[in-house]
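Enquirer: Would you mind keeping the following structure in view while I ask a few things?
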Amino acid sequence: MTQPILHTLICSTRPGRVGPGVAEWAHAAAVAHGGFDARLVDLASFGLPVFDEPEHPRLGRYVHEHTKAWSASVNAADAFLFVLPEYNYGPPGALINALNYLVREWQYKAVGFVSYGGVSGGMRSVQVTKGLLTTLKMVPMLEAVAIPFVAQQLQAEGGIAANAVHGAAATAMLDELLRWTKALQGLRA
Ligand SMILES: Cc1cc2nc3c(=O)[nH]c(=O)nc-3n(C[C@H](O)[C@H](O)[C@H](O)COP(=O)(O)O)c2cc1C
């Protein structure tokens, strides 16, 4: 069996974001895990405007090229690792918007989190996001990586100064993500 495709998704899109630095570490952890065909995907690169499709996305009748490109990307993934910041105790609007764009492409896929922020390490954002994901028939993982005070973890040469706790949490999360990804393959067939 070929390895399932994992998209590590940079969920923040603002100029000056720290998301790519965190994602660099998360993607490296996914590659090192060895269970996935791990790929890094930047939500910002799709340039999605506020949802502008005329029909409900469950129909898949997209009129805009940006939607077709986003649909093709999400469709290609078997699982996701969301690199998720916390904005006002929730996920960034860019992620909510990107989730709203599609329906079938998300269904029966598992999602792990590497969250970050201030004192909470983005955990409140993860909890809010879980409700959106289950409405799309996705399966969010309990095991997760939370990085508090992310600004203090950034390294001058890029990436973050992750510690052994982060590494162990990433392994536990990726093990569980692989287990669910394999289990869900039958539902998507
Ligand atoms: C609009 C906004 C709201 C924020 N709200 C929170 C928050 O509720 N909790 C928190 O821990 N950090 C909060 N922060 C701090 C972010 O977690 C921090 O700036 C982080 O770097 C954002 O990720 P990004 O740089 O990839 O966009 C907020 C930042 C912004 C820009």
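Each value in this text was obtained by applying a stated rule to the coordinates, not by laboratory testing. Because the structure is predicted, anything quoted here is derived from the model rather than measured. Heads up, the Cβs are rebuilt from the backbone with ideal geometry, glycines too, and the neighbour counts pull from every protein chain shown.
Enquirer: For Arg188 paired with Asp175, estimate the spin-label separation in nm (one decimal), with each label point 7 Å from Cα along the Cα-to-Cβ line.
Expert: Between Arg188 and Asp175, the simple spin-label model gives 2.3 nm.
Enquirer: I would also like to ask the following. Determine the gain in length on full extension of the stretch Gln107-Val119; use 0.36 nm per residue of separation and subtract their C-alpha separation, reporting nm with one decimal.
Expert: Difference between extended and current length: 1.1 nm.
Enquirer: Also: Using a 7 Å offset from the Cα along the Cα-to-Cβ direction at both Leu59 and Asn88, what is the distance between the two label points in nm, to one decimal?
Expert: Taking the two extended label points, one gets 3.1 nm.
Enquirer: Of Tyr62, Tyr116, how do they rank once you tally other Cβ atoms within 10 Å and put the fewest first?
Expert: Ordered from fewest to most neighbouring Cβ atoms within 10 Å, Tyr62, Tyr116 come out as Tyr62, Tyr116.
Enquirer: Moving to a separate point now. Once the other residues with Cβ under 12 Å from the Cβ of His66 are scored (Lys, Arg +1; Asp, Glu -1), what is the net sum?
Expert: Neighbour charge sum, excluding His66 itself: -2.
Enquirer: Quick check for you: which residues of segment 41-58 have the amide N under 16 Å from the point 7 Å beyond the Cα of His66 toward its beta carbon?
Expert: 42-55
Enquirer: Then there's this: Output needed for segment 55-145: three equivalent-ellipsoid semi-axes, defined as square roots of 5 times the C-alpha gyration tensor eigenvalues, in descending order, whole Å.
Expert: Semi-axis lengths for segment 55-145 are 24, 14, 11 Å.
Enquirer: Report the Cα centroid-to-centroid distance between segment 25-103 and segment 156-177 in angstrom, as an integer.
Expert: 21 Å
Enquirer: Quick one: Cα convex hull volume of the chain, Å³ per residue?
Expert: Expressed per residue, the convex hull around the Cα atoms of the chain is 113 Å³.
Enquirer: Net charge near Pro20, counting Lys/Arg +1 and Asp/Glu -1 over other residues with Cβ under 15 Å of its Cβ?
Expert: 0
Enquirer: Further, regarding this structure: Tally Lys and Arg at +1 and Asp and Glu at -1 over the other residues with C-beta under 11 Å from the C-beta of Arg104: what net charge comes out?
Expert: Local net charge: +3.
Enquirer: Taking neighbour counts of Cβ atoms within 10 Å as a proxy for exposure, in what order, fewest first, do Tyr101, Tyr108, Tyr89 appear?
Expert: Tyr89, Tyr108, Tyr101
Enquirer: Please find the FRET efficiency linking Thr135 to Ala32, where r is the Cβ-Cβ separation and R0 is fixed at 35 Å, and quote it to the nearest 0.05.
Expert: 0.60
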